[in-house]
1. What is the sum of charges, Lys and Arg at +1 and Asp and Glu at -1, for the other residues whose Cβ falls under 14 Å from the Cβ of residue 165?
2. Write down, largest first, the equivalent ellipsoid semi-axes of segment 81-144 in whole Å, where each equals the square root of 5 times an eigenvalue of the alpha-carbon gyration tensor.
3. Based on DSSP H runs of at least 4 residues, each adding -39500 (n - 2.57), what is the mean residue ellipticity at 222 nm of the chain after dividing by all its residues, to the nearest 500 deg cm²/dmol?
4. Amide H neighbours of residue 259 under 5 Å, counting only residues 5+ apart in sequence or on other chains, H built in-plane at 1.01 Å?
5. With the dipole of the chain worked out from charges on the C-beta (+1 for Lys and Arg, -1 for Asp and Glu) around the Cα centre, which of 199, 26, 41 lies farthest toward the positive end?
6. Per the Debye formula with a single identical scatterer at each Cα and no solvent contribution, what log10 I(q)/I(0) holds for segment 55-117 at q = 0.18, 0.21, 0.22 Å⁻¹?
7. Enumerate the amide H contacts of residue 232 below 5 Å, restricted to partners 5 or more residues apart or on another chain; note that Pro and chain-start residues carry no placed amide H.
8. Please name which of 126, 210, 186 has its Cα lying farthest along the dipole of the chain towards the positive end, using unit charges on Cβ (Lys, Arg +1; Asp, Glu -1) and the Cα centre as origin.
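Computed from the coordinates by the stated procedures, all read-outs in this text should not be read as laboratory data. Note that this is a predicted model, so its numbers are computed, not measured. Cβ: placed from backbone, ideal geometry, glycine included. Neighbour counts: every protein chain shown.
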Amino acid sequence: MKIDSRLLQKLLPFLSLIALFIGLSIASPYFLTANNLASVARQTAVFNTMALGMTIVIITGGIDLSVGSILGLAGLIGAMALEAGYPVAVGVLVGIIVGTGCGFLNGLLITRLRIPPFVVTLGALGIYRGAALILSNGLPVHRIPPAFAFVGEGSLLGIPFVLWLLVICAVIVHLVLEHTRLGRYAFAIGSNKIASVYAGIPVDFHTTAVYAIGGALTGLAGMIEASRLMTGQPTAGQGYELQAIAAVVIGGGSLNGGEGSVVGTLIGAFIMGLLSNGADLLNISNYWQQVIIGSVIILAVTLDEVRKRRAR
């Protein structure tokens, strides 16, 4: 019976995604159109890329509330590099480097100052957003070369280019989690940090590395978002941290740490993407979308807690 329960727990996100897909197909005649599905794929790629980084962070028992602000800052500075005349590849790399630096700083503050991740990243949320507004004077960067649009809106072999990027990132993160020392240590730290210290695991080093990786993926997501909008918006990414956290939790990740997977996070992110797209197609207010997202997070966390109590 326990095996069946665990199997159902793992299959629930996937079954929910299938049910949501079928429901939206019935509810709206526009859902299954090629243009709409391509739009969902491109929009969800931003959340998916962020959520992959959030997955590693949450597995260690941490959390990063600043990812929305990191996305905005990375996208803005990357767009500034493009506006200055640098090639598209360099601009994207600049965005990734900015995201990596922000994530590294978060990890450093958490490990060196011994401050809870919630507090550090909550403060960083305001700092990075303020930095973006200061650098841009609150104005978007819009003199961007047309070739940059390919990153967010282009297609390769008939498939949106962002999906290729997402697959590459997902494979890399999966390999890191399942086949590297960093991945094994991330699960160990999230399961029992004190035991990890006594086992000789360099907890501070790997915690900082995890936040840096999360920042790098968020920086890439920021450049994808800038490409889709064809502008570097200092206010981009507001509220995206909720989407990323929700994707991980819906996909089976635990806010207590020690649990999470790439496949689960991808499914969770696609569920969030379909909910948003379906709400737009059905003319549901954006205000209600926020209510739905918050409710889904609470429900997912509640189910996780109930499951753990029964396991005890």
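1. Numbers: positive: 42, 228; negative: 153, 225.
My count for the surroundings of residue 165 gives 0.
2. Working: eigenvalues 156, 46, 8 Å².
For segment 81-144, the semi-axes come out at 28, 15, 6 Å.
3. Numbers: 13 runs with 240 residues, N = 312.
Here the helix-only value at 222 nm equals -26000 deg cm²/dmol.
4. 254
5. 199
6. Calculated log10 I(q)/I(0) at the listed q: -0.68, -0.81, -0.85.
7. Placed amide hydrogens put 141, 142 under 5 Å from residue 232.
8. 186
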